[in-house]
Amino acid sequence: MLKAVIIDDESSGRVTLERLLEKIAPLINVQGTAESVESGKKLIDQLSPDLVFLDIEMPDGTGFDLLSSFDRINFEVIFVTAFNDYAINAFKFSAVDYLVKPVDIEELKSAVGKAEEKIADRTSKKNFEVLIQNLKNPNAQLNQIALPTLEGLTFVPVSDIMRCEANEYNTWFYLTDGSKLLVTKTLKDFEHLLLDHHFFRVHKSHLVNLNQIKSYIRGAAGYIVLTDNKEVPISRRKKEAFLKLWSK
């Protein structure tokens, strides 16, 4: 799914566009709308969308004012407006396309298709950047890992991963900053990928970063306490292997 926002001062325009997108673009998830430059800027900062549908004329400025307020535009833009005089300026901002109200559904399909291609290309470029970074020193641990989520790929430094927890066919990633990500792969996929990077599967549902363990509590099998004070059980059959590895 691609995250999108709609910024338009006309409520009818926002509603109409959202309904059209529901019909023709199932991969576009409109996560929020705004009615001004100021509220639009806040919405983009909050949601970090992949795609912004942007009106030109708004009460407190223009869509170009909004775009100019960003040091870096890391989202795609589709201008949607009644003012076609702005077409030339729109394309100077690398707009995916330019739609004139009332929006034609076929033109919307075309614009969304171009946006999806550009977003995919941008993700592929990031994939290669991470690959090159990770291959610079083949003997070093991975710097970053690409995690597929429902919204797309999220790139996370391996050292920021505290633990992973199975969730049926998905995996919860818990990070050192207290945040978590639901990743659309199984825990087994990451067990093999992270095994050589000081991670260990202590339980059928838990893969932990050994560098993030604060203490081990003895018992029939015992459990570990991580640096965030989370207690994670250790299965009986994993106990011996864990203690040998952790004591190194």
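The values are calculated or read from the model by the stated rules, or taken from the named source; none is laboratory data. Source: prediction; values computed, not measured. No Cβ is skipped: glycine too gets one built from the backbone with ideal geometry, and neighbour counts run over all protein chains shown.
Return yes when Arg72 is among the basic types (Lys, Arg), surrounded by 18 or more Cβ atoms within 10 Å (Cβ to Cβ) and not assigned by the TED database to the domain that holds Thr184 and no when it is not. In short, no. Per the listing Lys118, Lys114, the residue uniquely within 18 Å of the chain's Cα centre (by Cα), over 18 Å from Phe199 (Cβ atoms), modelled with pLDDT of 80 or more and among the basic types (Lys, Arg) is Lys118.
Checking each residue in the stretch 165-202 for being under 30 Å from Leu51 (Cβ atoms) and in a strand (DSSP E or B) picks out Asn167, Asn170, Thr171, Trp172, Phe173, Tyr174, Leu175, Lys180, Leu181, Leu182, Val183.
Screening the candidates Val15, Val5 for the property of being under 19 Å from Val100 (Cα atoms) and out of contact with any strand residue (DSSP E or B) (no Cβ under 7 Å at 6 or more places or on another chain) yields one hit, Val15. With the structure loaded, tell me whether Lys214 is surrounded by fewer than 17 Cβ atoms within 10 Å (Cβ to Cβ) and farther than 29 Å from Arg122 by Cβ or whether it fails that test. Taking the combined requirement at face value, the residue satisfies it.
Candidates in the stretch 201-248 are the residues that are of a type in the set (A, V, I, L, M) and farther than 21 Å from Ser179 by Cα; of these, the one that is nearest to the chain's Cα centre (by Cα) is Val202.
Criterion applied to Val232, Val225, Val202, Val156 was being touching a helix residue (DSSP H, G or I) at 6+ places or on another chain (Cβ under 6 Å) and either crowded, with 18+ Cβ neighbours inside 10 Å or not hydroxyl-bearing (Ser, Thr, Tyr) (or both), and the one residue passing it is Val202.
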